[in-house]
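One structure is given below, encoded as structure tokens.
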Amino acid sequence: MALLEVEHLKKYFPTSRGVVHAVDDVSFSIEKGKTMGLVGESGCGKSTLGRTVIHLLDSTDGVIRFEGEDVTHPDKPTMHKLREQMQIIFQDPYSSLNPRLTIQETIMEPLQLSKRFDKTQLPKEAERLMDLAGIEKRFRNAYPHELDGGRRQRVGIARALALMPKFIVCDEPVSALDVSIQAQILNLLMDLQEEYGLTYIFVTHDLSVVRHISTDICVMYLGQMVETCPTKELFAHPLHPYTKALLSAILTVDIHHKNERILLKGEINSPINPKPGCRFAQRCPYATEECHQPIPLQEVTPGHFVACCHVKDINNL
Ligand code: SF4
């Protein structure tokens, strides 16, 4: 059963220069215990999408369902419940940590607010969460500025887990970390997922990371989804010209891989008042007049959806 379903979701930001279509008619669903990777260049709307589905931002249009219930416009009690069940891990937890609280106090804070534990239980529960997140005992009375990036991210993870959520948006959680630390944090997230049946949206611009952690992938371009399918299928058979270009950048690092790197020419269009039609057209080598019509996602092979009117010709299908 799908834990989260999103239908035709839109998030627009009115500005003095026009309306920014940050997320524009995006639909997908995630089954319990799975990880949906959201990938694309910076500014493609992936973080906005993640924050909109957990109601850190109000949606402009569309439907959000959580465990089958329509939670697009939640009343107060529903919002309270969602705040516990849907959490987020930020790229830079430092900015969300109070510099005046020790790590233990930081982790006790959401426990205290939830009123699930009485005062005497709080330190023990915080200990349990710090053990889970692998925060060493010697750092538990330290302040955030005394920790390195990896340990701070472990604090962010412990805080996110405090209210026993079912669903977590991981918003570029390892982008600011060294590669060796990245692997530790990714492994921690996967272990926690297995132990607690967590469901993740994993937002990243790094395809190597998303390949490691995601069961399914959505590729976004300028606020829209251009391709979605299981991760293995995407890496084996990328079909959209934009996805092919993104993947060529990491696959050519492998010296045995014969494919050439595809260099994208042209600028990304503005997300302000975008024209109808394929938003990748300006950079796409296959673009024709037909591409200026609205292009819906279509199922090209079983479970593999692509928004491209020439997808069959391009891939000889
Ligand atoms: Fe390229 Fe046209 Fe396909 Fe867009 S719809 S990706 S412009 S071929």
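The values are calculated or read from the model by the stated rules, or taken from the named source; none is laboratory data. None of the values given here were measured: they were computed from a predicted structure. Methodologically, a virtual Cβ is constructed for each residue, glycine included, from the backbone with ideal geometry; neighbour enumeration extends over all protein chains shown. All accessible areas refer to the heavy atoms of the entire protein, side chains included, with ligands and DNA or RNA removed. Shrake-Rupley method; radii C 1.70, N 1.55, O 1.52, S 1.80 Å.
Brief remarks on what is shown
- Computed from the C-beta positions of GLU69 and GLU299, the FRET efficiency with R₀ = 25 Å rounds to 0.40.
- Charge sum, other residues only, whose C-beta stays under 15 Å from PRO271's C-beta, Lys/Arg counted +1 and Asp/Glu -1: +3
- Segment 22-81 and segment 256-302 have Cα centres spaced 24 Å apart.
- Heavy-atom surface analysis with a 1.4 Å probe gives segment 1-133 a carbon and sulfur content of 50 percent of its accessible area.
- Residue-count net charge about HIS310 - beta-carbon cut-off 13 Å; Lys, Arg +1, Asp, Glu -1: -1
- Over segment 2-237, accessible surface divided per residue gives 45 Å², non-protein components excluded, 1.4 Å probe.
- Share, in percent, of DSSP beta bridges within the chain that are antiparallel, nearest 5: 60
- Phi-based couplings in Hz for segment 148-159 (Karplus 6.51, -1.76, 1.60; Gly and Pro marked x): 7, x, x, 5, 5, 5, 5, 5, x, 5, 4, 5
- Within segment 174-285, the percentage of alpha carbon pairs spaced more than 18 angstrom apart rounds to 59%.
- 20 Å binning of all Cα-Cα separations within the chain, expressed as whole percents from 0 upward: 31, 55, 14, 0
- Among ILE262, ILE54, ILE201, residue whose mean-square fluctuation peaks in a GNM of the chain (springs only between Cα atoms under 10 Å): ILE262
- By the helix-only formula, in which each DSSP H run with n ≥ 4 contributes -39500 (n - 2.57) and the sum is divided by residues, the chain has a 222 nm mean residue ellipticity of -9500 deg cm²/dmol.
- Segment 2-237, relative contact order in percent, only Cα pairs under 8 angstrom and at least six apart counted: 29
- Environment charge at LEU222 (Cβ cut-off 10 Å; Lys +1, Arg +1, Asp -1, Glu -1): -1
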